[in-house]
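Below is one structure, written out as structure tokens; comments come after it.
The values are calculated or read from the model by the stated rules, or taken from the named source; none is laboratory data. Worth saying up front: this structure is predicted, and the values here are computed from it rather than measured. FYI the Cβ positions are ideal-geometry reconstructions off the backbone, even for glycines, and counts take in every protein chain you see. Keep in mind that these areas ignore ligands, DNA and RNA; they rest on the heavy atoms of the full protein, side chains included. Shrake-Rupley method; radii C 1.70, N 1.55, O 1.52, S 1.80 Å.
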Amino acid sequence: MSDPRITSSIFTRGAVDLSALRTPAPTSTPVQAGPPAGAPGGATGGAVTVIDVTEATFQSEVLERSLNTPVVIDFWAEWCEPCKQLSPVLERLAVEGGGAWVLAKIDVDTNPRIAQMFRVQGIPMVYAVVGGQPVDAFSGVVPEAQLRQWIQAVLKAGGVSVAAPSDPRLDEADDALMTGDLDAAERAYRKILADSPADAAAEAGLAQVGLARRVAGADPQAALAAAEANPDDVDAQTLAADIEVLSGMAEQAYKRLVDAVRRTSGDEREKVRQHLIGLFTIAGPEDPAVASARRALASALF
């Protein structure tokens, strides 16, 4: 399936009609749910994070609550094996969110009318509700990294400004890099990228692993001197640029390689260009020095 994310879909155009659920249907023995919207309490004993929702409590716990706090609905059933993979991850992320969003768990067997209103045809099925309306949905089990990104998009749609929670896999990879275990760091970063190919932090970390390997055993002063003495030596220029980046002189490193691009052609020019792009990855696209160097590189190439 495609990556779950906020999109302009049938859900944002009001195709899911929830009007019938705004007045709870009579029920003889409501299933105990979490605290009502706006009340203290919840799965962690503090902010509400995970609640069981029935048709009797849907209006207050989902529609009304979503006016102030994004609500993620997890449609599940006891017999659903994939649900047993996804639901625990959703619950853990909800608790981790500390009340920034609420996970509403709805059993499709005991609440068939809600499932029908949401057009649930298979489970697990997950909906995001913001401002009293569904804004996005996905079905099936997705990797945790993609799930985190989807939840962040839901929070953004709900106008919630929160720092993205730390990814323990990224912390582990960063720790390995900091301690010099480059093989372990590379494996960890590549695993993250296998789940989330566009993860900028993992891309930057992997680029740092490559940088650390390239400068291992190099004499910084000798490398810089060799680059000055041999301006047309591509290997000398790229190594010097690596050392400058590690020394906090990224702008000087970028200029060195842009100048090398101007002086070279063919395979050598492409080698320098690719090396420079790799150094950009370490800093990230929002770095002003990267933006300036990209413009200079484009000028040098064209």
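Brief remarks on what is shown
- Apart from one condition, residue 204 fits all of (1) closer than 20 Å to residue 94 by Cβ; (2) assigned to a helix (DSSP H, G or I); (3) open to solvent by less than 30 Å² (accessible area, probe 1.4 Å); the exception is (1).
- Extreme residue, farthest from the chain's Cα centre (by Cα), among residues of the range 248-275 that are under 20 Å from residue 206 (Cβ atoms) and among the charged types (D, E, K, R): 271
- Any hit, the range 262-281, residues being at pLDDT 90 or above, out of contact with any helix residue (DSSP H, G or I) (no Cβ under 7 Å at 6 or more places or on another chain), basic (Lys, Arg) and open to solvent by 50 Å² or more (accessible area, probe 1.4 Å): yes
- Considering the range 48-64, the residues that are without any contact (Cβ under 8 Å) to a residue 40 or more places away in the chain and not in a loop (DSSP other than H, G, I, E, B) include one that is surrounded by the most Cβ atoms within 10 Å (Cβ to Cβ), namely 59.
- Every residue from the range 222-247 that is under 34 Å from the mean Cα position of the chain (by Cα) and assigned to a helix (DSSP H, G or I): 238, 239, 240, 241, 242, 243, 244, 245, 246
- Scope the range 69-92; condition in contact with a helix residue (DSSP H, G or I) (Cβ under 6 Å, 6 or more places away or on another chain) and over 11 Å from residue 125 (Cα atoms); matching residues: 70, 71, 89
- Count of residues meeting criterion [open to solvent by less than 60 Å² (accessible area, probe 1.4 Å) and at pLDDT 90 or above] in the range 177-199: 8
- Leading residue by the ranking (farthest from residue 155 (Cα to Cα)) among those in the range 92-107 that are modelled with pLDDT of 95 or more and out of contact with any Pro (no Cβ under 9 Å at 6 or more places or on another chain): 107
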